[in-house]
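The values are calculated or read from the model by the stated rules, or taken from the named source; none is laboratory data. Computed from a predicted structure; not experimentally measured. Every residue, glycine among them, receives a Cβ derived from its backbone with ideal geometry; neighbour counts consider all protein chains shown.
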Amino acid sequence: MHVLKHLFSYVLQRKTLAIAVIVFIFIAQIAELSIPILVGVTIDQILLALAEERFEVIIVVTGVILIIIASVIRGLTYFLGRWIGYLQGEKIIYDIRKDLFIKYETSSLIFFDEHHTGDLMARATTDLEIISEFLVWGERILLQALLTYTGIYLVLFLIDIRLFLLIGIITPTLFILSYIVSKKLGPLFFDIREQYGQLTTVIQENIAGIQIVKAFNAENREKTKFDKENFTYFDLRAYAFKIRSIFLPMILFVVNLLITILIFAGGFLVIQGDISPGLLITLFTYFTMLAMPTRFLAFSLIMYQRVSAAGDRVFTLLESPTQLPEVPKAKKIIKMTPTIFFDNVSFSYDRSEVLSNISLTVNPGEKVAILGPTGSGKSTIISLIPRFYDPTKGRILIQTDQESIHDLRDMDLKDWRQKVGYVHQEPFLFGRTIAENIAFGVPETTIEEINEVVRITQLEDFLNNLPDGLETIIGERGVTLSGGQKQRVAIARMLLRKCPIMILDDATSALDISTEANFQEAFKKYLDKSQSKQTVIFITQRLSTLKMVDRIIILNRGQIIEQGTHEELLQKGQIYPLLWKTQEAGLVDIKLALEKIIHERS
């Protein structure tokens, strides 16, 4: 019922189409059910006329014309009902798919931490295909089957109550069988859909990580893992097909039993003179007509179990509270760079604390470098600033002027993220042109603005060597570019947005020393000539970056252990002076050097 409730809400959004489908199918079934009656009445009239030796051609012609009219009405309305039903089903799937995509686009990163990409893809594709199959024709044939049953048994009741009661004793067997099998198949279909999500996840991970698989000679191990998931999926589907294969012959056996009873009992009533031969032919035609709707009815019940399993996965996802909460009338920042306060901030992933009581102030226009060994909480801190996550404890405060200080959770999220530029160590690029990647999120940019950020990020020489320059298509995930080229394209993309707050998460780690030095010089000139203060936060593994920052913060195990300017830390720090001296030993990777120093001191 949970799935039906959701589907009905979407049907109501297309209620005009739904009503049209019901009306046309209803008329089509009335016309179809009238044809056996017209045949029976025509035969009775012919037999009566022959018995009275007054046979007239008009009797046959009238019957044929009425049957043809009913057939034309049935054919036309059936076509309209089927066509409109198809449109209704596809429009509903269009609406659900759109809502699901919006759900993905607006969900927090916690949502994606909890779900595999392959499973999310399965819910938006194959799960929706199952629902679409039911809506496009399963819903319609179920309605046709119910109308056919209702009409036939109503006629049977009006013709002879004894036949109605006799057939009525057998008929519930159909519904009991359908109920038993549907209860058996329901959980099984849910397991099939879940297993399909697991299977697509394995495929997606291996396609995305094919270089790692090959580099570690893990093809056989991954094939074994895939074979296991694939066989489980096959085994579940084979078992479901076995149940269906047993069930459908049982349904047809009951229908044939009903027809046999009708021939025996109906023939006896004809001999007794209680019903006419034409009515017996009408009833026989009706019960012959029951074979297909009965199969459809049984199949629809089985299909509903598949839809219930697929729909439960889709609608549970749509219902889940995966968006970061926003307050009504959220605050916006107008044309200024704010001060950012971390007020006793803690954060945990799955009960594992990553940050512990962090208190930190980042002033407008300040350039801050965050250092720390692996797992120290660097990436978590900068992920909290664009509000990819909310703190587990404490607050992040935003000061826009001397009197206005607001909790980040009270800020307009879309407006705030327009103020924050972010470059990840492993940036994601779309399979589009370089120009489209740089201008992503800034559709009204000019070629002059793109060329400016290209110059700052030292991409000019690289682009000049490409036949199509900025119009070069880089392939999925930027696979045709080197690591350093991808990082520079991502930095150019951030610079084009002209954000007052910029975050670079080890964003120059793949650049060679010469290119990085040229970029830093150009970047410093860009910041110096900027008309407004721009805050820059670096996570870096290179000491060369520290020369251009105003403050250095060193993290370890989710806590700040040292902070200050380069000169202050050299004079008063305990970790930083040792870190700076590692240059003499040739250790230029900050992360490794910090791990070594902290380990030795502890």
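Details
- Qualifying residue in the range 416-424 (condition: under 24 Å from K547 (Cα atoms) and of a type in the set (S, T, Y)): yes
- Residues being more than 55 Å from the chain's Cα centre (by Cα) and surrounded by 12 or more Cβ atoms within 10 Å (Cβ to Cβ) - total across the range 54-64: 5
- All of (1) in contact with a Lys or Arg (Cβ under 8 Å, 6 or more places away or on another chain); (2) among the hydrophobic types (A, V, I, L, M, F, W, C); (3) without any contact (Cβ under 8 Å) to a residue 24 or more places away in the chain hold for C499 with one exception: (3).
- Test: L142 is part of a helix (DSSP H, G or I), at negative phi, modelled with pLDDT of 75 or more and surrounded by fewer than 17 Cβ atoms within 10 Å (Cβ to Cβ): no
- Scanning the range 12-53 for residues that are among the hydroxyl-bearing types (S, T, Y) and either outside the structural domain of F79 (by TED's automatic domain parsing) or crowded, with 16+ Cβ neighbours inside 10 Å (or both) yields S34, T42.
- Qualifying residue in the range 471-485 (condition: at pLDDT 85 or above, surrounded by 14 or more Cβ atoms within 10 Å (Cβ to Cβ) and out of contact with any Lys or Arg (no Cβ under 7 Å at 6 or more places or on another chain)): no
- Unmet requirement for R74, which otherwise passes all of (1) touching an Asp or Glu at 6+ places or on another chain (Cβ under 6 Å); (2) loosely packed, with under 15 Cβ neighbours inside 10 Å: (2)
- Checking each residue in the range 240-252 for being surrounded by 12 or more Cβ atoms within 10 Å (Cβ to Cβ), more than 26 Å from Q204 (Cβ to Cβ) and not charged (D, E, K, R) picks out I243, F247, L248, M250, I251, L252.
- D127 being within 23 Å of F388 (Cα to Cα), part of a helix (DSSP H, G or I) and not assigned by TED's automatic domain parsing to the domain that holds P391: no
- Cβ-Cβ contacts under 9 Å between residues 6 or more apart (or on different chains), taken from a first residue in the range 455-470 that is in contact (Cβ under 8 Å) with a residue 12 or more places away in the chain to a second residue that is of a type in the set (D, E, K, R) and crowded, with 18+ Cβ neighbours inside 10 Å, are listed as T457/R488; Q458/R488; Q458/E516; L459/R488; F462/R488.
- Test result for F111, within 21 Å of Q204 (Cα to Cα), among the hydrophobic types (A, V, I, L, M, F, W, C), under 27 Å from the mean Cα position of the chain (by Cα) and assigned to a helix (DSSP H, G or I): yes
- Any hit, the range 84-96, residues being among the aromatic types (F, W, Y) and surrounded by 19 or more Cβ atoms within 10 Å (Cβ to Cβ): no
- Filtered residue count, the range 537-580, keeping only those that are among the charged types (D, E, K, R), over 45 Å from the mean Cα position of the chain (by Cα) and either in a loop (DSSP other than H, G, I, E, B) or surrounded by 13 or more Cβ atoms within 10 Å (Cβ to Cβ) (or both): 1
- Count - residues of the range 8-54 that are of a type in the set (D, E) and at pLDDT 80 or above: 1
- Hits in the range 284-343 (condition: among the aromatic types (F, W, Y) and at pLDDT 75 or above): F315, F341, F342
- Strands (runs of 3 or more DSSP E) wholly inside the range 340-455 that include at least 1 residues being within 24 Å of Q541 (Cα to Cα) and in contact with a strand residue (DSSP E or B) (Cβ under 7 Å, 6 or more places away or on another chain): 352-362, 367-371, 420-423
- Residue in the range 450-458 that is of a type in the set (S, T, Y), closer than 18 Å to M502 by Cβ and over 28 Å from the mean Cα position of the chain (by Cα) present: yes
- Any hit, the range 496-510, residues being more than 25 Å from P364 (Cα to Cα) and at pLDDT below 80: yes
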